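Please treat every number below as a calculation from the coordinates, not as lab data. All figures in this text were calculated on a predicted structure; none of them were measured in a lab. Neighbour counts are summed over all protein chains in view; Cβ atoms, including those assigned to glycine, are modelled from backbone coordinates with ideal geometry.
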Amino acid sequence: MNIPSKLIEDAVTEISRLPGIGKKTALRLALHLLKQNEVNTEALALALTRMRSEIQYCKTCHNISDDEECSICISHRRDGSLICVVEDIRDVLAIENTNQFSGKYHVLGGVISPIQGIGPEELKIESLMDRIEKASQDQPVQEVILALSATMEGDTTSFYLAKRLKEKSIKVSTIARGIPVGGELEFTDEVTLGRSILTRINYSTE
């Protein structure tokens, strides 16, 4: 792509690093920003800089947060006896958009994948176990929902977690298979995902 400005070329290169954005789209976005009021462009740059430098991860559930603990974990309206285990932060956003879940979350940060060298120790599994162990007597954890993608890696992780949780005499359920096998939660429509949460089933390791 022949761009007469090195400054624009650099901007296009950086924008095109974003997922799903090619060079042509990146150029269109760069030229759009160039036409905008300078204040607007600076506001965008500042927002991105602050997001990258100030964002935190909740010390309890590992979700993104502006503070030490996220708004979901500190909310008195959420049911602390119900924990939904997900792979990624995007899955939290997807489930929240259904407005069908009133419990809390635990973000693993991935799934078990021997091929990629990801074992249980690389995930936030021990953090989940400690969290359950330290739950207050007023509101102990009664159910853990395994809301992982219906892939081989997701199923392997669910099986491993169910085995670990079986020792703690906690109800373990999984979202109903309204989610297609091989599908990612992030790309599932809200109605299907919502129904899957509501019609969850007991998870069996037998």
For a quick check: with amide H placed at 1.01 Å from N, whose amide H comes under 5 Å from CYS61's, ignoring anything fewer than 5 positions away on the same chain?
CYS70
In the chain, what % of DSSP beta bridges are antiparallel (nearest 5)?
30
Quick one: net charge around GLU126, please, counting Lys, Arg +1 and Asp, Glu -1 for every other residue with C-beta under 15 Å from its C-beta.
+2
Using Cα springs under 10 Å in a Gaussian network model of the chain, which residue among HIS62, HIS32, HIS76 shows the largest mean-square fluctuation?
HIS32
Residue among THR60, SER113, HIS32 farthest towards the positive dipole end of the chain, charges placed on Cβ:
HIS32
Relative to the present Cα-Cα distance, how much length would full extension add between ARG50 and ARG90 at 0.36 nm per residue of separation?
12.4 nm
Pull out the extension gain between ASP79 and ASN202, defined as 0.36 nm times the separation in residues minus the alpha carbon to alpha carbon distance; nm, one decimal.
42.4 nm
Provide the gained length on full extension for the span PHE159 to MET129, in nm with one decimal, where the gain is 0.36 nm per separating residue minus the Cα-Cα distance.
9.3 nm
Loop trypsin sites (Lys or Arg not before Pro), region 97-201 (other Cβ atoms within 10 Å of the site Cβ: 12 or fewer; DSSP)
LYS134, ARG177
Quick one: putting +1 on the C-beta of Lys and Arg, -1 on the C-beta of Asp and Glu, what dipole do you get for region 78-202 around its Cα centre, in Debye to the nearest 20?
460
If R₀ is 41 angstrom, what is the calculated FRET efficiency for the pair ALA176 and LEU33, using the beta carbon separation as r and rounding to 0.05?
0.40
Counting alpha carbon pairs within less than 8 Å and at least 6 residues apart, what relative contact order, in whole percent, applies to region 134-201?
35
